[in-house]
Amino acid sequence: MKVLITGASGNVGRYVVKELLSKGETVVAAGTNTEKLKKIFGETVDVVNFDFADEKTYEKALEEVDRVFLMRPPHLGKPEDLYPFIDALKSHNIKLVSFLSLMGVEKNTIPPHHKIEKYIEKLGIPYAHIRPGFFMQNVSGIHSVEIKENNEIFIPAGKSKSSFIDAADIGLSVATLLHESEKYKNTAHTITGAESLDYYNIAKILSEVTGKKIIYKKPGFLNYRSYYIKKRGLDKNYVNVTVALYFMTRMGTAKMVTNEFYHLTGRKPRTFLEFASENVNCFV
Ligand SMILES: NC(=O)c1ccc[n+]([C@@H]2O[C@H](COP(=O)([O-])OP(=O)(O)OC[C@H]3O[C@@H](n4cnc5c(N)ncnc54)[C@H](OP(=O)(O)O)[C@@H]3O)[C@@H](O)[C@H]2O)c1
């Protein structure tokens, strides 16, 4: 049987694919852009056109599949957007779904991940929720523009700390859960990096690896929101969700460090210094 990976071209999905292949699993990579998937994975996996918003794509995607990595594309802001596909998982007797959730969501009902976890559990689908901290890829991806162009980090996180984790480590954790599906049935895992850093620490590390003087600008919420919507042209709903997340971060919700990654994989999580050194081209 095969493992279906939704968001296979995304930050985490691409590593879930890679790690499952190295465990000898047969993988189906799913997304709305199959050309992009073929370019990333070549002939190593089956590729399928899959759209959460189009129920006609579900049947083909779930052919010969018994385990699923489920992620919520960031622009699908309502939990209900994922319910039709979760219903389809139920009727296909999936033996494990690993949902890419969010650290702290068990106590925080605001992010959509909370309701999605509950919906999976309510339907009685065997689950292994993965609840990571902030991705290091946020810094090398969406927030790298200001680092490259202005030598500054423009994130409204105040003085708060985050236990950043590399998406590669999340991918390895998810692959472990899906590969050992019986062992991890009906479990939830909060995984983080090894240390909690504020954005002054991040600026110092980035300055070290790039040889440029990078500063943390510490914008307020309104300034950040209007810059990202008006100047960067990002989707308003997406920016609003990030404002809510950075608000929570300021309340201290992102700073916890856990040992769960080590328990799952027997490895230490990658540090931000290692990550930044390997991805230096994203910042210069
Ligand atoms: N960033 C963080 O710090 C953080 C922390 C914890 C949790 N999370 C959660 O992680 C999730 C994002 O994961 P990610 O960063 O790996 O994703 P990502 O890099 O943003 O990629 C999004 C993926 O969704 C696919 N997609 C877009 N629209 C789709 C649709 N209508 N139907 C099916 N697939 C679609 C895209 O592929 P196609 O283009 O091929 O469709 C792409 O592979 C979010 O739910 C976020 O809340 C993020």
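The values are calculated or read from the model by the stated rules, or taken from the named source; none is laboratory data. Computed from a predicted model, the values in this text were never measured in an experiment. Neighbour counts are summed over all protein chains in view; Cβ atoms, including those assigned to glycine, are modelled from backbone coordinates with ideal geometry. Side chains are part of the model used for accessible areas, which takes the heavy atoms of the whole protein and leaves out ligands, DNA and RNA. Shrake-Rupley method; radii C 1.70, N 1.55, O 1.52, S 1.80 Å.
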How large a share of the accessible area of the chain, in percent, is made up of carbon and sulfur atoms when the probe is 1.4 Å and the other protein chains stay in place?
50
13 Å beta-carbon shell around residue 144, net charge (K/R +1, D/E -1):
0
Taking the mean number of other Cβ atoms within 10 Å as a proxy for protection, how do you rank 234-246, 157-169, 22-34 from highest to lowest?
157-169, 22-34, 234-246
Among all the lysines, which ones have a C-alpha under 18 Å from residue 236's C-alpha, if same-chain residues fewer than 8 places away are not counted?
78
What aspartates and glutamates does residue 38 reach when the alpha-carbon gap must be under 14 Å and sequence neighbours fewer than 8 apart in one chain are set aside?
46
Please list, or write none, the lysines whose alpha carbon is within less than 24 Å of the alpha carbon of residue 36, excluding same-chain residues fewer than 8 places away.
2, 18, 23, 56, 60
Computed [θ] at 222 nm, helices only, for the chain once each DSSP H run of length n ≥ 4 contributes -39500 (n - 2.57)
-11000 deg cm²/dmol
Show me the helices of the chain, taken as full DSSP H stretches, that run 15 Å or more along their long axis by Cα and average -0.5 or above in Kyte-Doolittle hydropathy.
167-179, 199-210, 236-250
